[in-house]
Amino acid sequence: MLLDRLRGNVNHAEGNGGNAAIVTNGSPAGNFRLGPGAYQPPFKAQIQMTHRKLYFTENAGVYTPVAAGAIDATLQTSLPVFFFLNSDFAAGYPTLQSNFPVSIWQYGDPVVVGRDQGRDAFGDWDANVTAQLRKGDIVVPFTASPGGTNTLALVIVRSADVPYASLLDSTNSNLFKVNMIRYTLADATTAQLQQFENPINIANQTMFGKFSKDTVNPDSYVNPEQNQPQIADILVVAEINKEKGIATYVNFDVVNFRWNLFIENVFRL
């Protein structure tokens, strides 16, 4: 069972017994709620997921790493990252891609590291790219060629507890209830903190293709009393299964952040 696999990295929180009020937002099916940010709820398990973004230029099949600040100015735009929504991932994320468009960049097909051949519109990835990846990562490539310079951006989702691709696959037969997301940026610089201005979208797609989403603003959950402005504890109650996921835009110069998902319960479907 998924819960048994996650219990290897479990920390219990005392909270206040879960007595703080939870505010519903009128979401269909009643499976998405926001808390007031007054406490840390109790949880049974947690999943640590990381977003990582890498940039490369490509010439004659050779990929050269480049810093975010060194890419062409026209490419210094936000790119989305997708978590879960396995029913859409199974088709290459067409629904999420259409609902989260990009400028200048072009989406490529998602890659499961260890299963798929890593490639993009320019060709197969060389060792400079693959050395940065781990089995179980899910990678969405973006490509562009401003001024004739082939440029690749990789948006990588990784899980520290279970290979992320395995975790995603488990949502076909399991539902887990998240009651908090701890959103941690790399540091408290102005450039990093601007990432909290990008809303988090809790997305839902039915088996018949109907798409809907609810929005959470991370800025609202930064607690000034903690003196850690790069951390937001977002009290969001969301049930994650194969039809539900999370998406947000990520600023071009935010190349790393971490989400800890606090799991209230796991159910076998």
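Listed values, structure above:
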item: Sole residue being out of contact with any helix residue (DSSP H, G or I) (no Cβ under 6 Å at 6 or more places or on another chain) and buried (at least 18 other Cβ atoms within 10 Å of the Cβ), chosen from 175, 185; result: 175
item: Answer residue from the stretch 160-180, given it is in contact with a strand residue (DSSP E or B) (Cβ under 6 Å, 6 or more places away or on another chain) and more than 19 Å from residue 202 (Cα to Cα) and is modelled with the highest pLDDT among those; result: 165
item: Exclusive hit being assigned to a strand (DSSP E or B) and either closer than 20 Å to residue 265 by Cα or of a type in the set (Phe, Trp, Tyr) (or both), set 157, 162, 178, 139; result: 178
item: Residue within the stretch 3-22 that is in contact with a strand residue (DSSP E or B) (Cβ under 6 Å, 6 or more places away or on another chain), surrounded by 18 or more Cβ atoms within 10 Å (Cβ to Cβ) and modelled with pLDDT under 75 present; result: yes
item: Filter result (more than 18 Å from residue 146 (Cβ to Cβ) and in contact with a Leu (Cβ under 9 Å, 6 or more places away or on another chain)) within the stretch 115-132; result: 118, 125, 129, 132
item: Identity of the residue in the stretch 192-210, loosely packed, with under 15 Cβ neighbours inside 10 Å and not charged (D, E, K, R), that ends up farthest from residue 229 (Cα to Cα); result: 208
item: Qualifying residue in the stretch 240-256 (condition: under 17 Å from residue 42 (Cα atoms) and assigned by TED's automatic domain parsing to the domain that holds residue 172); result: no
item: Candidate set: the stretch 124-136, residues that are assigned to a loop (DSSP other than H, G, I, E, B) and within 22 Å of the chain's Cα centre (by Cα); chosen: the one surrounded by the fewest Cβ atoms within 10 Å (Cβ to Cβ); result: 131
item: Number of the condition not met by residue 167 [criteria: (1) part of a strand (DSSP E or B); (2) crowded, with 21+ Cβ neighbours inside 10 Å]; result: (1)
item: Selection within the stretch 192-221 - hydroxyl-bearing (Ser, Thr, Tyr) and either part of a loop (DSSP other than H, G, I, E, B) or touching a strand residue (DSSP E or B) at 6+ places or on another chain (Cβ under 7 Å) (or both); result: 206, 212, 215, 221
item: Single unsatisfied condition, residue 97 versus (1) under 19 Å from the mean Cα position of the chain (by Cα); (2) outside any helix (DSSP H, G or I); (3) modelled with pLDDT of 95 or more; result: (2)
item: Residue 187 being over 25 Å from residue 266 (Cα atoms), touching a residue at least 24 places away in the same chain (Cβ under 8 Å) and in a loop (DSSP other than H, G, I, E, B); result: yes
item: Number of the exception - residue 254 against (1) crowded, with 19+ Cβ neighbours inside 10 Å; (2) assigned to a strand (DSSP E or B); result: (2)
item: Residue match in the stretch 26-39 (condition: among the basic types (Lys, Arg), modelled with pLDDT under 95 and in a loop (DSSP other than H, G, I, E, B)); result: no
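The values are calculated or read from the model by the stated rules, or taken from the named source; none is laboratory data. What you are looking at is a predicted structure, and each value in this text was computed from that prediction instead of being measured. In this analysis, Cβ positions are derived from the backbone assuming ideal geometry, glycine residues included, and neighbour counts consider all displayed protein chains.
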